[in-house]
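The values are calculated or read from the model by the stated rules, or taken from the named source; none is laboratory data. As the structure is a prediction and not an experimental result, all values here were calculated from the model. Here the Cβ is made from the backbone with ideal geometry for all residues, glycine too, and neighbour counts use every protein chain on show. Note: accessible area is taken over every heavy atom of the protein model, side chains too, but ligands, DNA and RNA are not part of it. Shrake-Rupley method; radii C 1.70, N 1.55, O 1.52, S 1.80 Å.
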Amino acid sequence: MSTLKVDAIRHNSATSDAITTASDGTCTARLTSIGGGGLSHRNLILNGRFDVFQRFLGGSQVVCNSGSNTYCMDRWYARGEGSKGVFTFFQQDIQSEAQGAHAAARVQVTTTSTPATNDVYKIAQRIEGANVRHLHFGTSAAKTITLSFLVKSTVTGTHGGSLMNSAQNRAYPFTYTISSANTWEQKSITIPGDTGGTWVTNTGIGLELNFDMGTAESNYRRPAGSWYAGRAEGADGAVQLITQSGANWYVTKVQLEIGDTATSFEHLTYPEELARCKRYYYGHIRGTDNAVATATCYQNNNLFPIIDLPVTMRAEPSIDVANGSSYFTAYSNGGSDGFNTFSSMWNPSTNTVGMNAYSNDGVSGRSAGHSVMIISSHADCYLAFNAEL
């Protein structure tokens, strides 16, 4: 007699027909969800392994020394404060470290600072509201979620972060402990759904995940473990990495999912992860000898190319383009000349963009009425479109 053994997945919401028995004694198991969420695409974080990196950055890193959000690997940004403390944020190859991931995000402190009243040092990802509407935050049906990630640091102790809404008036500070220096450790934090506040469910900022690198205690840190009716970037008493000279902090396999249990990290294929990231930032070309577009020479030395975007972007994008002597080359009517950049966009939509390059951008030798082929002509040339949150 054969025996069928069915191993249950913890916290799966089983239904009465999850396992059925036929008249001949055979059994069929049907798994419909994990932790109350879907079997696939359960991770609300995009690029949680930090593989996708479309932006053109010198040294492939961001130097965080201003009070603005600076993007690095796709969907992830860093923030610092003025020229006080400074840290770099970049992609670290960890293939040799046997953690099931190609890359991690790395934060490295290069200039220390003691955070003042309003100072915020962090890395973060903003999640589009349409992608979190099924959490039902702000209602009595708000769902419990679990954050999990793989982390290591040169600095041990209690580290922190938070989840926050778009208006920054609802936040959940959390903590996690790094027990051993320079050792990968798996962490998970279960967060009850927020039944209060207002949560965006359209194409705006629905939810923000913050990893705190040294926010000031006085303003933007609050006690961990409960929802707070205000802005909180981190938790009271947590490590302030920005105060530690030469400190390093790494994270990868970041996952945020419905349910009270952290499941194994969901590995999507690189092409699928890349396509999802292109909704927010699309790198059209990078480097030399790439076809950029065809264009109409509307007037002498006035080029009007149109580019069809490969995915529907979150919003009408802005242009992110290199500007340097003869970074681009225009070919028409048997001749060619270099030009420097595209100075503007016209009539953009979430699917198509038009651009303009004219004499002030270095265009010369092109006659009205001709069709023009445009290529990139410099190793540092790039053209991209930005619809980040």
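Using a simple spin-label model with points 7 Å from Cα along the Cα→Cβ vector, what separation in nm is obtained for ASN169 and ALA141?
Output for this residue pair reads 2.4 nm.
Label region 81-157 by shape, choosing from rounded, prolate and oblate, from the square roots a ≥ b ≥ c of the eigenvalues of the Cα gyration tensor; if a/c is under 1.5 it is rounded, and otherwise prolate applies when a/b is larger than b/c, oblate when it is not.
Here region 81-157 falls in the oblate category.
What is the ratio of the Cα radius of gyration of region 244-354 to 2.2 N^0.38 Å, with N the residue count, to two decimals?
Numbers: Rg = 20.2 Å, N = 111, 2.2 N^0.38 = 13.2 Å.
Ratio of Cα Rg to 2.2 N^0.38 Å: 1.53.
Looking at the square roots a ≥ b ≥ c of the eigenvalues of the Cα gyration tensor of region 85-129, which shape do they give, rounded for a/c under 1.5, prolate if a/b is larger than b/c, or oblate?
Oblate, because a/c is 1.5 or more while a/b does not exceed b/c.
Separation between the ASN118 and THR198 pseudo-spin-labels, each 7 Å from Cα along Cα→Cβ, expressed in nm?
Label-label distance for ASN118 and THR198, simple model: 2.2 nm.
Using just the helices of the chain, give the 222 nm mean residue ellipticity in deg cm²/dmol: DSSP H runs with n ≥ 4 each add -39,500 (n - 2.57), and the total is spread over all residues, rounded to 500. Numbers along the way, then the final one.
Working: 2 runs with 12 residues, N = 389.
Value at 222 nm, helices only: -500 deg cm²/dmol.
For region 296-338, with all protein chains present and a 1.4 Å probe, just round the carbon and sulfur fraction of the accessible area to a whole percent.
On the way: 810 of 2170 Å².
For region 296-338, the apolar C and S fraction of the accessible surface comes to 37 percent.
Percentage of Cα-Cα pair distances in region 233-296 greater than 20 Å, rounded to whole percent?
65
Excluding same-chain residues fewer than 8 positions from LYS143, which aspartates and glutamates have a Cα within less than 12 Å of its Cα?
ASP194, GLU257, ASP260
Name the lysines eligible as straight-distance cross-link partners of LYS84: C-alpha to C-alpha under 21 Å, and not fewer than 8 places from it in the same chain.
In chain and number order, the partners are LYS122.
Can you classify region 124-197 as rounded, prolate or oblate using the Cα gyration tensor, where a ≥ b ≥ c are the square roots of its eigenvalues, rounded means a/c under 1.5, and otherwise it's prolate if a/b beats b/c and oblate if not?
Prolate, because a/c is 1.5 or more and a/b exceeds b/c.
Which value, in debye to the nearest 20, gives the size of the charge dipole of the chain about its Cα centre, when Lys and Arg are +1 and Asp and Glu are -1 at the Cβ?
It comes to approximately 440 debye.
Which value, in Å² rounded to 10, gives the accessible area of PHE53 with a 1.4 Å probe and all protein chains present?
40
Return one whole number: the accessible area per residue of the chain in Å², for a 1.4 Å probe.
Accessible area per residue, the chain: 42 Å².
Using only C-alpha positions, report the orientation-averaged shadow area of the convex hull of the chain, nm², one decimal.
25.0
Apply the Karplus parameterisation 6.51 cos²θ - 1.76 cosθ + 1.60, with θ equal to phi minus 60°, to every residue of region 179-185 and state each ³J(HN,Hα) to the nearest whole Hz, in sequence, with x for glycine and proline.
8, 10, 5, 6, 10, 5, 9
In whole Å, what are the Cα extents of region 192-272 along the three principal axes, biggest one first?
So the extents along the principal axes, rounded to whole Å, are 38, 36, 27.
Step through the residues of region 122-139 one at a time and calculate ³J(HN,Hα) from phi using the Karplus curve (6.51 cos²θ - 1.76 cosθ + 1.60, θ = phi - 60°), rounding each to whole Hz and writing x for Gly and Pro.
3J(HN,Hα) across region 122-139, in whole Hz: 6, 10, 7, 9, 9, 9, 4, x, 5, 8, 10, 4, 6, 6, 6, 4, x, 10.
If I compute solvent accessible area with a 1.4 Å probe over the protein chains, what percent of it on region 128-204 is carbon and sulfur?
43
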